[in-house]
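The values are calculated or read from the model by the stated rules, or taken from the named source; none is laboratory data. Since the structure is predicted, the reported quantities are computational estimates derived from the model, not experimental observations. Reconstructed Cβ throughout: ideal geometry from the backbone, glycine too, with neighbour counts over all protein chains shown.
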Amino acid sequence: MSDEKIMNSDIMISSESIQSRIKELGKQITEDYKGKKIVVIGVLTGAYVFCADLLREIKVPVELLEFVSVSSYGDSTESSGNVRMYLDLKRDIKDKHILIIEDIVDTGLTLHSLMEIFERRHPASIKLASLLHKPAKSKHKIDIDYLGFTIEDKFVYGYGLDLFGTARELPHIAIYNGEPKK
Ligand code: PRP
């Protein structure tokens, strides 16, 4: 994306605020998992940037990093209500301490479905880190153990989240003020 578009986008959360919150979350996670090894599961695609930055602030051993690919939105600005899993874990998570890293919990459908799937595989523990939470659209109660920011009911993009497939590379979270796309 061009510099012009970055300058013209409406910023909700600056890059500096994101990075400073990630440092705090990293410290908290490091403290909570002291003496343990963790298995990190990033939820593609949106969480890839948060996952990369947060991991570098976690100072306990990561014994395995895996990604799952699920999608509930497609190219729309509203959740479709269905979750499709395109890519599953390669390894067994039985008796492992799992930390799921997500970019946003919106209706909660994605995490609700993922938690159900992972719990059936009997990990030692499961915790969730999410950069954003949008409580206004919540349909499933999701406990977020490590939350970056609670946000209002706006369609947001940047820092891993897409705007109709683009703009994931923006260093900040921006607000989309255009027409909704069904
Ligand atoms: C977004 C986001 C979460 C999910 C949250 O993913 O990355 O995984 O929606 O919404 P929910 O709480 O209503 O389920 P999306 O389906 O847009 O896929 P993407 O990450 O590949 O862009």
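Within the stretch 112-158, the only residue that satisfies the criterion of being in contact (Cβ under 8 Å) with a residue 40 or more places away in the chain, within 11 Å of the ligand (Cβ to nearest atom) and in contact with a helix residue (DSSP H, G or I) (Cβ under 6 Å, 6 or more places away or on another chain) is Leu131.
Restricting attention to the stretch 55-86, which residues are under 22 Å from His112 (Cα atoms) and at pLDDT 95 or above? Once the filter is applied, which keeps residues that are under 22 Å from His112 (Cα atoms) and at pLDDT 95 or above, the stretch 55-86 yields Leu65, Glu66, Phe67, Val68.
Condition check ((1) more than 27 Å from Val62 (Cβ to Cβ); (2) of a type in the set (Lys, Arg); (3) more than 12 Å from the chain's Cα centre (by Cα); (4) surrounded by 17 or more Cβ atoms within 10 Å (Cβ to Cβ)) across all residues:
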residue	(1), (2), (3), (4)
Tyr86	no, no, yes, no
Lys90	no, yes, yes, no
Ile104	no, no, no, yes
Leu114	no, no, yes, yes
Ala124	no, no, yes, no
Tyr159	no, no, no, yes
Gly178	yes, no, yes, no
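A single entry from Phe118, Phe50 fulfils the requirement of being of a type outside the set (S, T, N, Q) and under 13 Å from the mean Cα position of the chain (by Cα): Phe50.
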